[in-house]
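The block underneath contains the structure these notes are about, expressed in structure tokens.
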Amino acid sequence: MFRKLIFITLALTLAIGISSASFTENQPKPTKKAAKKTKAKKSKDDDKTPAAATANTEKLTWYSMTDGFAKAKKEKKVLVVDVYTDWCYWCKVMDKLTYENKSIVTKMKKYAVAVKFNPEVNANHTVNGQVMNSDQLATYLNKGGRIPGYPMTFVWKDLSNSSKIEPYSGYMDTTTFNAVLNKSIQE
């Protein structure tokens, strides 16, 4: 009985595969002219997609810790450090939904300098004249503790005082992040 069932399943699978293969073989192949029309139409339709609409919007300029710290200090701006990893799902969501939001981009460009920092990539970082590797910088930003998870955002207004670094753990949507920015700007 079991062998019969397996044989029938295999026969049906094979028959379906052959009929779908013959169906696709009998379809006319598109000509080069038809392919060009399809491409032109597709790119025209793509202009209406949200991705194409946001492609023209301004984006944040992300700096290394060394360059971002120096720029923020020189321009007397708030330093926003986005601590992420390549494998972090919520880091990517925050990049797309929060950091690409038009009002966030506008506010960040006016009042802050944006830094991307991946603690899993070892590099040297200079902060207040002190050179640190990535592990040391992560500990420095988190005031001696380990980074509890990703994403992690540090907002630093008074760059001469490391005790003024404010940690924000986890994903922040646009509303939450906007409130964090407003708090650091108003202080």
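Structure summary
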| quantity | calculated |
| --- | --- |
| One residue from 155, 93 being within 16 Å of the chain's Cα centre (by Cα), within 17 Å of residue 62 (Cβ to Cβ) and not in a loop (DSSP other than H, G, I, E, B) | 93 |
| Residue selected from segment 47-84 under the condition of a type in the set (Ser, Thr, Tyr) and part of a loop (DSSP other than H, G, I, E, B), by the criterion modelled with the lowest pLDDT | 49 |
| Within segment 117-127, considering residues that are under 21 Å from the mean Cα position of the chain (by Cα) and at pLDDT 95 or above, the one surrounded by the fewest Cβ atoms within 10 Å (Cβ to Cβ) | 121 |
| Test: residue in segment 165-180 that is touching a helix residue (DSSP H, G or I) at 6+ places or on another chain (Cβ under 6 Å), within 28 Å of residue 58 (Cβ to Cβ), assigned to a helix (DSSP H, G or I) and not aromatic (Phe, Trp, Tyr) | yes |
| Search result, residues across segment 134-155 that are modelled with pLDDT under 90 and either within 18 Å of residue 78 (Cβ to Cβ) or not assigned by TED's automatic domain parsing to the domain that holds residue 94 (or both) | none |
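Here is a yes/no grid of residues against (1) exposed (fewer than 15 other Cβ atoms within 10 Å of the Cβ); (2) over 15 Å from the mean Cα position of the chain (by Cα); (3) over 17 Å from residue 167 (Cβ atoms):
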position	(1), (2), (3)
65	no, yes, no
77	no, yes, yes
97	no, no, yes
103	yes, yes, yes
106	yes, yes, yes
115	no, no, no
130	yes, yes, yes
137	no, yes, no
146	yes, yes, no
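Let's see how each residue does on (1) hydroxyl-bearing (Ser, Thr, Tyr); (2) without any contact (Cβ under 8 Å) to a residue 24 or more places away in the chain:
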| position | (1), (2) |
| --- | --- |
| 79 | no, no |
| 82 | no, no |
| 85 | yes, no |
| 89 | yes, yes |
| 96 | no, yes |
| 99 | yes, no |
| 102 | no, no |
| 105 | no, no |
| 119 | no, no |
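The values are calculated or read from the model by the stated rules, or taken from the named source; none is laboratory data. What you see is a predicted model, and the numbers here were worked out from it, not measured in a lab. For neighbour counting, all protein chains shown are included, and Cβ atoms are generated from backbone atoms with ideal geometry for every residue, glycine included.
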